[in-house]
1. Can you name the residue in region 304-354 that is modelled with pLDDT of 95 or more, among the charged types (D, E, K, R) and more than 20 Å from the chain's Cα centre (by Cα) and, of all such residues, is farthest from LEU283 (Cα to Cα)?
2. Taking region 10-35 as the region of interest, how many residues are touching a residue at least 12 places away in the same chain (Cβ under 8 Å), open to solvent by 10 Å² or more (accessible area, probe 1.4 Å) and in a loop (DSSP other than H, G, I, E, B)?
3. Just to be sure before I move on: is LEU265 within 23 Å of ILE357 (Cα to Cα) and open to solvent by less than 10 Å² (accessible area, probe 1.4 Å) in the structure I sent?
4. Would you check if there is a residue in region 256-267 being at negative phi, assigned to a loop (DSSP other than H, G, I, E, B), under 27 Å from the mean Cα position of the chain (by Cα) and without any contact (Cβ under 8 Å) to a residue 60 or more places away in the chain?
5. Confirm whether ASN153 is over 27 Å from VAL200 (Cβ atoms) and at pLDDT 90 or above.
6. Given the conditions (1) crowded, with 18+ Cβ neighbours inside 10 Å; (2) farther than 23 Å from ILE440 by Cα, report the number of the one that ASN370 does not fulfil.
7. Would you point out the residue of region 43-57, among those that are over 29 Å from the mean Cα position of the chain (by Cα) and touching a residue at least 24 places away in the same chain (Cβ under 8 Å), that is nearest to GLY109 (Cα to Cα)?
8. Would region 72-86 turn up any residue that is under 28 Å from ALA176 (Cβ atoms) and either in contact with a Leu (Cβ under 7 Å, 6 or more places away or on another chain) or without any contact (Cβ under 8 Å) to a residue 40 or more places away in the chain (or both)?
Amino acid sequence: MKCLVYIAGDVTSYTTTNYEFEGKEFNTFFSAHALAKLLDPQKIVALLPDSLVIHDNSTAQDLPTLIKGYKKMILTRSNQLFKDENMKKDIEDFVNKIDVRVIPNVGSGQAYYVNKEGDLLAEGQRYKRIPYYKERSPIFIFNVIYSIFNELNESCDEIIVDLTHGTNVLVSATMAVGSIFNCRFVAAPIMGAPGNKVSVVELTEIVKAMKDSLAITYSIEKVDERYFRDYSVTLKKLNPSEFKEMKELIERIKSDDPNKVISLLKNLRNGFAIEGVRVMRELENYITGLENDLNSLSKAYNEWYNHSYFEKESRIVLSHFYSTLRVKDLIYSGNDLEVLEKILDLYIKVGYYDKAISLARELPVAFCLNSRGGGVYSDDDKNYTECDNIVTEYLKKSSIVQFRNALMHGSLSKALNTEVKDGGINLKNEVKLSAIEKYIVQNLKKDYLEAKNKVINTKT
């Protein structure tokens, strides 16, 4: 089922215009009615701010009156604007179809007063109005709107949200809520008298750009490539020759390949720390070049009035690139062993406990080999055998081995004295995850450093 949701506005002064959307037009006096005709939704929901119409103190028992008042406001304006009975009937059908939900607003203003029958009361050449003033938590408003969208999400396959009208707080809250439910957003950009035609603007790409940029940032912060949004496919459709003197810059932007960043995140997440070090080296020049290009591109957008060819370009999203630049925080300097120590800190920070404890177990051996002139992780290598024995013996005093086995083997470990019988599993030496987490966060690095210092200071 297709659903249309819109924020109800003050229609008393609206005038008619042709609303154009997706190649079709309809003449009416407010965008929600036009969208209902052009998109044919099966359900229409109006979010009526309690600041628009008031009866007495607008307490809960007056909600039916407020709803009746808003509907009569639409019909009254329709009768003022149209003589055609078919058009009046069409708007009346629209009004009867609306599911009006009263939502809270915040701020200062003037609300229209309606009597018990929902009629606006004339006061000279205008309608009677009453001061409106409310102080409310924006999160309270967010929660009310969320509850409505959450209910609609049960039955609506597609939710189209019209943000043409509404106060700044209500538009912001509705857009934020709708982005959680993957809604489609539109708005009719009317500034003053609308003129002969208004083209309804699709805003969905703005919300997508925001969500994708946040996902890229989160992906890097949590070292998890599965959240990353690969924008390179969209960039391939760019035609650099359209950007005149900026052709070379756009060619470089077009060839930007975030898969290098994705590769780093994937290797680190899966514990391929050595490969991660190699990818870091590859990323150093890539990130430097990207940052320089982005600064030039950002300057061009800052001076947009000199670059009209950007006006209709929707494939370049600056925030995607700047979010990608955050990978600089994951590019460490130093030799390979020094970088691996920093990766150990990273694993602890982001909660990759199995990776952290495994690296902490093996890295002292690597430092030991290095202190002895080098060696290979092989039982045939004397240096390795001696280093591994020293580390193993020393770490018996810590919890590294026991906790590592618990994490790496899914608790199917001799360290936990796991018993399997009659299809069931019993841990004789059960260890709580909270205990492992506490140890890794508070003591793993200390035990690792002690083991490292022990082995590199042990003479052959």
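The values are calculated or read from the model by the stated rules, or taken from the named source; none is laboratory data. Because the structure is predicted, anything quoted here is derived from the model rather than measured. Every residue, glycine among them, receives a Cβ derived from its backbone with ideal geometry; neighbour counts consider all protein chains shown. Areas reflect the complete protein model, heavy atoms only, side chains present, ligands, DNA and RNA absent. Shrake-Rupley method; radii C 1.70, N 1.55, O 1.52, S 1.80 Å.
1. LYS349
2. Result for region 10-35: 5.
3. Judged against the criteria, LEU265 is a match.
4. Narrowing region 256-267 to residues at negative phi: 256-267.
In the following step, the residues that additionally are assigned to a loop (DSSP other than H, G, I, E, B) were identified as 256-258.
Add one more test, that the residue is under 27 Å from the mean Cα position of the chain (by Cα), and what stays is 256-258.
After this cut, where a residue has to be without any contact (Cβ under 8 Å) to a residue 60 or more places away in the chain as well, the list is 257.
Within region 256-267, one or more residues are at negative phi, assigned to a loop (DSSP other than H, G, I, E, B), under 27 Å from the mean Cα position of the chain (by Cα) and without any contact (Cβ under 8 Å) to a residue 60 or more places away in the chain.
5. No.
6. (1)
7. Restricting attention to region 43-57, the residues satisfying the condition of being over 29 Å from the mean Cα position of the chain (by Cα) are 50-57.
Okay, now just the ones that are also touching a residue at least 24 places away in the same chain (Cβ under 8 Å), so 50-55.
Working: ASP50: 11, SER51: 7, LEU52: 9, VAL53: 11, ILE54: 12, HIS55: 15 Å.
Out of the qualifying residues, it is SER51.
8. Yes, that holds for at least one residue.
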